Amino acid sequence: MPMPGDIPIIDLMLGIPQPRQKGSYDFMRPLLRDRESLEQFDFPPQYMFKDFPKVPEQSDYVRYTLDLMDRFNIEKALIGIRHDTEISLRALREHPDRFVGSLDVDPNRGMEGVSELVEMYEKYGIKAATGFPAGMFPQVPIGDARWYPIFAKCVELDIPLCCCMGIPGPRIPGLAQHVEQLDEICWFFPDLKLVMRHGAEPWQDLAVKLMLKWPNLYYSTSAFAPKHYPEAIVHFANTRGADKILYAGYFPSGLTLERIFSDMPHVPFRDHVWPRFLRENAVRVFGL
């Protein structure tokens, strides 16, 4: 069945665009070694997204984003926030019916990072923590014990951890995101809701096997144009995994909403999958 046009969509990875600032990806710079990444790219995985969004200057980036969301029937969006992301914080304050917050966490910070997670939950009602094991410096494999205080706090707060899994797009080592590490995490933290981000490739078959095994392990489609959704993930959604696959985009980081939703109608999901994929699973898993 083609994508229905009447489902209010929840996008689990969307950002409020703003002028690209030099240094936006400096957190990853110590990991980069090739000259092209260091000297030529504005966006570390730029070689994969040659037409990544270039948003013209706006007088109000929040209104610009809302208008885009309305155009593509996106009712709510999960956006990343920090103490210094004033545009995103304003969006959260002024439009709580349209935006929900997530906080990027770094286990290198120890209990300081856990305290910040609690603070942002209490102050802004964040609905998720997010992690990039291969992108932090130093890298912390997702199975490393340094993550355990964050896992435990996510369980206490009843919020999911959305974590990049699989080979990362930036030219940095990817073993920190090997999917096999999730098996022990899901065993030791059975109440932790863990949502895979960014493909889990080339271990997508293992990701499917683990989602069959563990009730609280999920997969979101962030950073992939719909025409490139892994075949194993589409098949899983159509068979036993309709409750496990959640829509997430990648605007404005690497994909325009135009590109995403021009591809989306051609994804061969079955009828029962679409409402769960575009909305219902996000409502349930993220408590929306």
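Readers should treat all values here as calculations from the given coordinates under stated rules, not as data from a laboratory. Keep in mind that what you see is a predicted model, and the values were worked out from it rather than measured. Cβ placement follows ideal geometry from the backbone for every residue including glycine, while neighbour counts extend to all protein chains displayed.
For A207, indicate whether it is more than 20 Å from P30 (Cα to Cα) and either surrounded by fewer than 22 Cβ atoms within 10 Å (Cβ to Cβ) or touching a residue at least 40 places away in the same chain (Cβ under 8 Å) (or both). In short, yes. Figure legend. Inter-residue proximity from the range 59-75: first residues free of Cβ contacts under 8 Å to residues at least 12 places away in the same chain and over 22 Å from P4 (Cα atoms), second residues in a loop (DSSP other than H, G, I, E, B) and of a type in the set (G, A, S), beta-carbon distance below 9 Å, spacing 6+ or different chains. No pairs are indicated. Just one of the listed residues (G166, G143) is of a type outside the set (F, W, Y), touching a helix residue (DSSP H, G or I) at 6+ places or on another chain (Cβ under 8 Å) and either buried (at least 20 other Cβ atoms within 10 Å of the Cβ) or outside any loop (DSSP other than H, G, I, E, B) (or both), namely G166. Residues of the range 68-88 that are of a type in the set (A, V, I, L, M, F, W, C) and either buried (at least 19 other Cβ atoms within 10 Å of the Cβ) or in a loop (DSSP other than H, G, I, E, B) (or both): L68, M69, F72, I74, A77, L78, I79, I81. Counting the residues of the range 211-231 that are more than 19 Å from the chain's Cα centre (by Cα) and over 28 Å from P53 (Cα atoms) gives 4. Just name the residue that is surrounded by the fewest Cβ atoms within 10 Å (Cβ to Cβ) out of those in the range 244-268 that are over 18 Å from L14 (Cβ atoms) and touching a helix residue (DSSP H, G or I) at 6+ places or on another chain (Cβ under 6 Å). The qualifying residue surrounded by the fewest Cβ atoms within 10 Å (Cβ to Cβ) is V267. Considered as a group, the residues in the range 92-114 that are hydrophobic (A, V, I, L, M, F, W, C) and over 16 Å from F251 (Cα atoms) include one that is surrounded by the most Cβ atoms within 10 Å (Cβ to Cβ), and that residue is V105.
Could you look through the range 21-38, keep only residues that are within 20 Å of the chain's Cα centre (by Cα) and not in a helix (DSSP H, G or I), and pick out the one that is surrounded by the most Cβ atoms within 10 Å (Cβ to Cβ)? Among residues in the range 21-38 that are within 20 Å of the chain's Cα centre (by Cα) and not in a helix (DSSP H, G or I), the one surrounded by the most Cβ atoms within 10 Å (Cβ to Cβ) is Y25. When F41, F52 are screened for being more than 20 Å from F137 (Cβ to Cβ), surrounded by 16 or more Cβ atoms within 10 Å (Cβ to Cβ) and of a type outside the set (D, E), only F52 passes.
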